[in-house]
Amino acid sequence: MRDLIERDLRHIWHPCTQMRECEKLPPIPIKEARGVWLYDFEGRAYMDCVSSWWVNLFGHCNAQISAAIKRQLDSLEHVMMAGFSHEPIIRLSERLCALAGFEKCFYADNGSSAVEVALKLSFHYHLHKGKQRGKFLCLENSYHGETLGALSVGGVGLYRDAYKPLLLEVLSTSVPRGEDYSRELEALKILLQRHGEELCAFILEPLVQCAGNMHMYAAGFIDAAVRLCREAGVLVIFDEIATGFGRTGSLFAMEQCEEKPDLLCLSKGITGGFLPLSVVLLGDEIYKAFYGEYEKAFLHSHSYTGNALACAAAGAVLDIFEKEGVVEKNKKLSAFIAQEFEKLRDFDFLGNFRQRGMIYAFDILTEKKRSGLWIYERGLQKKLLLRPLGNTIYFMPPYVITKEEISYVARILRELFEEFEP
């Protein structure tokens with residue numbers, strides 16, 4: 001395994017990583033994986049407590065998704081979507097539109113790209129309507145990806161500050177920090193009164209700002225905010241790249257809201273963690289604004305748009321949700337996660353315990369920088385892959401995790417915090 005690590009570090013620049021730290025904590029080459037477990041080349045196991053950056057829904061090497069990809073591989077691996085199509089993407093689009101209540105799908109191959117599509121569509125829609133609305137609105141503390149457009153509408157300085165000179169002009173509004181969101185709504189109302197005619201779209205992650213330290217906020221605020229935007233003629237984009245496909249207690253987080261968006265971005269769990277795929281769902285009103293002569297078309301493309309293998313995987317994911325009652329099963333698992341993790345409240349340096357469906361999080365209340373890194377390192381020694389967000393510890397496992405495995409995570413965390421010096 002040492003040889004693999006050396007070869008890796010010789011040529012690979014890893015994402016979200018200060019490579020100098022790899023001298024002390026090198027990347028771990030993984031040989032194989034099953035269910036919630038990853039195995040390195042020396043046979044050590046690591047429980048994937050973060051679903052490999054939130055993409056894995058039904059366990060590694062899930063047999064049903066693997067079989068769907070293998071079947072598709074024998075007939076068609078990929079064809080360009082400009083002027084061509086294929087059955088897996090047609091079936092998938094029909095199912096997604098029926099589930100989410102939209103009429104059209106526009107595909108890309110990763111979450112950031114889906115956000116770019118939604119931003120461009122919303123700007124261009126207003127342009128077709130004869131209006132020049134050149135600004136976007138986002139929530140503070142938000143994260144929507146790391147391409148320049150997506151970074152522009154993000155609010156996490158760690159990712160965006162270095163690139164400020166390159167970013168779009170964006171306005172931001174406060175995200176609620178408690179159950180009372182009257183002040184945040186009043187601030188949004190004033191902002192829309194002043195700048196509403198300049199804004200083309202408001203983008204937000206419904207219910208949970210995932211990369212924003214798993215901050216959770218009320219559906220009531222979202223509903224009121226959407227209504228205010230509608231009154232101002234501002235389109236609404238829901239970024240459900242991380243919250244979609246059962247993470248928050250419903251298939252889509254928007255199901256817990258009364259108001260629906262104009263555009264919905266999906267990715268991550270859409271293929272169960274097997275292959276890259278993303279999609280923007282939208283209604284006919286936006287679609288028809290681009291319908292007509294060639295110059296009106298939405299001229300945006302990705303080489304691997306709507307890849308047939310990825311669409312086959314996504315179809316298998318929807319099959320599992322449909323046939324196995326996943327959302328209802330997750331409600332029981334969520335309750336058990338809460339029961340086990342509540343025991344960590346005994347530590348007075350832990351706080352802000354919170355949960356939304358299959359996402360559980362809490363904070364280490366200390367001024368020490370990067371306490372989460374300590375948990376990451378010690379967790380690996382105890383068979384846990386945890387990847388904290390700063391001092392926020394979160395648990396976002398594949399849905400196939402067992403109660404015994406959940407109890408193991410809670411027990412190991414307790415052991416680690418007994419050693420921790422705040």
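The values are calculated or read from the model by the stated rules, or taken from the named source; none is laboratory data. For clarity, every value in this text was computed on a predicted model and none was experimentally measured. In this analysis, Cβ positions are derived from the backbone assuming ideal geometry, glycine residues included, and neighbour counts consider all displayed protein chains. Note: areas computed on protein heavy atoms with side chains; ligands, DNA, RNA excluded. Shrake-Rupley method; radii C 1.70, N 1.55, O 1.52, S 1.80 Å.
Listed by chain and number, the lysines whose alpha-carbon sits under 27 Å from that of residue 296, ignoring those within fewer than 8 places in the same chain, are 104, 120, 129, 131, 135, 260, 288. Averaging the sequence gap over all C-alpha pairs within less than 8 Å and six or more residues apart, then dividing by the number of residues, gives the chain a relative contact order of 21 percent.
Within straight-line reach of residue 329, meaning a Cα separation under 21 Å, sit the following lysines at least 8 residues removed in sequence or on another chain: 268, 403.
Under the shape rule built on the C-alpha gyration tensor, where the axes satisfy a ≥ b ≥ c, the range 197-337 is oblate, since a/c reaches at least 1.5 while a/b does not exceed b/c. Hey, any idea what % of the chain's accessible area is carbon plus sulfur with a 1.4 Å probe? Carbon plus sulfur share of accessible area: 51 percent.
Beta carbons within 10 angstrom, averaged per residue: use that to sort the peptides 359-371, 275-287, highest first. Could you put the intermediate results ahead of the total?
Working: 359-371: 17.4, 275-287: 20.9.
The most tightly packed comes first, giving 275-287, 359-371.
Please compute the length gained on full extension between residue 162 and residue 295, using 0.36 nm multiplied by the number of residues separating them and subtracting their Cα-Cα distance. The partial results should precede the final answer.
Working: separation 133, 0.36 × 133 = 47.88 nm, distance 3.59 nm.
Full extension of this stretch gives 44.3 nm more.
Calculate the dipole size of the chain relative to its Cα centre from +1 charges on Lys and Arg beta carbons and -1 charges on Asp and Glu beta carbons; express the result in debye to the nearest 20.
Details: 49 positive and 56 negative charges, 54 e Å.
That gives a dipole near 260 debye.
Annotation note: GluC sites (Glu not before Pro) in the range 184-280 located in DSSP loop regions with a Cβ neighbour count of at most 14 within 10 Å are 258. With protein chains left intact and a 1.4 Å probe, residues in the chain average 47 Å² of accessible area per residue.
Label the range 1-137 by shape, choosing from rounded, prolate and oblate, from the square roots a ≥ b ≥ c of the eigenvalues of the Cα gyration tensor; if a/c is under 1.5 it is rounded, and otherwise prolate applies when a/b is larger than b/c, oblate when it is not.
Numbers: a/c = 2.51, a/b = 1.53, b/c = 1.64.
It comes out oblate by the Cα gyration axes.
Applying the criteria of a DSSP loop state and at most 16 other Cβ atoms within 10 Å to the GluC sites (Glu not before Pro) of the range 84-128 yields 103. Among the lysines, select those whose C-alpha is under 27 Å from the C-alpha of residue 368, and discard any that sit fewer than 8 residues away in the same chain. Hits, sequence-local ones excluded: 24, 343, 382, 383. Evaluate the relative contact order of the range 114-264 (contact order divided by residue number), counting alpha-carbon pairs under 8 angstrom at least 6 apart; express in whole percent. After rounding, I find 22 percent. Just one of [x] 20.3; [y] 21.5; [z] 17.7 is mean projected area of the Cα convex hull in nm² as worked out from the coordinates here. Which one is it? The value matching this structure is [y]. Cα centroid separation, the range 117-177 to the range 205-225: 17 Å.
Specify whether the C-alpha gyration tensor of the range 313-422 places it in the rounded, prolate or oblate class, a ≥ b ≥ c being the square roots of the eigenvalues: rounded for a/c under 1.5, otherwise prolate if a/b is larger than b/c and oblate if not.
Numbers: a/c = 2.23, a/b = 1.99, b/c = 1.12.
The shape class here is prolate.
Working from Cα pairs under 8 Å separated by at least six residues, relative contact order for the range 300-422 is 21 percent.
Taking all protein chains together, 343, 288 sort by accessible area into 288, 343, largest first [probe 1.4 Å].
Once the C-beta distance of residue 190 and residue 128 is scaled by a Förster radius of 25 Å, the resulting FRET efficiency is 0.30 to the nearest 0.05. Each peptide in 126-134, 386-394 was scored by the mean count of other Cβ atoms within 10 Å over its residues; highest first, the order is 386-394, 126-134.
Highest mean first, the peptides 189-195, 307-313, 15-21 sorted by other C-beta atoms within 10 Å per residue fall in the order 307-313, 189-195, 15-21.
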